[in-house]
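Quick note: the coordinates plus some simple rules give every number you see, no bench work behind them. Note that the coordinates shown come from a computational prediction; the quantities given were computed from them, not determined experimentally. FYI the Cβ positions are ideal-geometry reconstructions off the backbone, even for glycines, and counts take in every protein chain you see.
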Amino acid sequence: MVPLKLSELISQDDLQTKVTEIGKKITEQFKGEELTAICVLKGSCLYFADLVRSIDLDIQCEFFGVSSYGASTHSSGEVKTTLDLTVPLEGKNVLLVEDIVDTGLTMNFLKKNIEARMPKKLVTTSLLFKPAALKTECYIDHVGFEIENRFVVGYGLDYQGFYRNLPYIAQSSDFN
Ligand code: IMP
């Protein structure tokens, strides 16, 4: 593993407070209805696990694998599907859960892909959002934290497959 110079950016407590807040908003938004929550692998695994436990609705959990970065710290702009969903989304309420929106290309690819499956309603959430890195217009319904255009790891986010298990978000001073 490559050791990065890291400093804490968002604490474990601040993450939990924000996730609970977003969970409450989504509960209100879909009150009395069922929801299919989609975890975008691999980065949103921890956010997804905490978020679905903060939503008080009947939820089906689905997993969607996409890869856009390879082993680098900059988006390749190319989005590949590595694992497809296992249920049809037609007529369903869908919550798309992302870890971070950087260039916006992955989120827009996912939105287009899911809209094509004719859900009743699609709501998006991303724990982190780097507005300065956007390369395309990208609307997200529920954003956890807007951050600067720095490379971050932890709470699901990786560098070369490592650091996902950090319980907080850390920023690296090794890049940019
Ligand atoms: P986008 O298509 O450029 O918006 O990139 C989205 C994907 O790139 C995310 O789902 C992450 O997997 C990855 N990514 C973007 N920024 C970072 C970062 O700062 N740290 C780790 N992964 C990142």
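Below 13 angstrom from the Cβ of residue 27, what's the summed charge of the other residues (Lys, Arg +1; Asp, Glu -1)?
On the way: positive: 24, 25, 31, 53; negative: 21, 28, 33, 34, 56, 58.
Counting the neighbours of residue 27, the net charge comes to -2.
Go ahead and run the numbers for FRET between residue 12 and residue 150, Cβ-Cβ distance against an R0 of 22 Å, rounding to 0.05.
Values: r = 19 Å, r/R0 = 0.88.
Result of the calculation: an efficiency of 0.70.
Please check: in the Gaussian network model of the chain (C-alpha springs, under 10 Å), which one of 163, 47, 139 has the largest mean-square fluctuation.
Result: 139 has the largest fluctuation of those listed.
With the chain treated as a Gaussian network of Cα nodes joined by springs under 10 Å, which of 91, 43, 156 yields the largest mean-square fluctuation?
91
Given the range 7-127, what count of lysine pairs have C-alpha atoms under 21 Å apart, with each pair 8 or more places apart or on different chains?
Count of close lysine pairs: 25.
In the range 104-176, if every C-alpha pair distance is counted and binned at 5 Å from zero, what percent goes to each bin?
The distribution over the range 104-176 is 3, 14, 20, 23, 19, 12, 7, 2, 0, given as percents.
If you take all C-alpha pairs in the range 27-176, what percent of them are over 28 Å apart? Walk me through the numbers before you get to the answer.
On the way: 1719 of 11175 pairs.
The calculated P(r) of the range 27-176 puts 15 percent of pairs beyond 28 Å.
If the chain between residue 53 and residue 120 were fully stretched, how many nm would it gain, using 0.36 nm times the residue separation less the Cα-Cα distance? Present the calculation step by step, with values, prior to reporting the outcome.
Working: separation 67, 0.36 × 67 = 24.12 nm, distance 2.28 nm.
Here the segment from residue 53 to residue 120 would lengthen by 21.8 nm.
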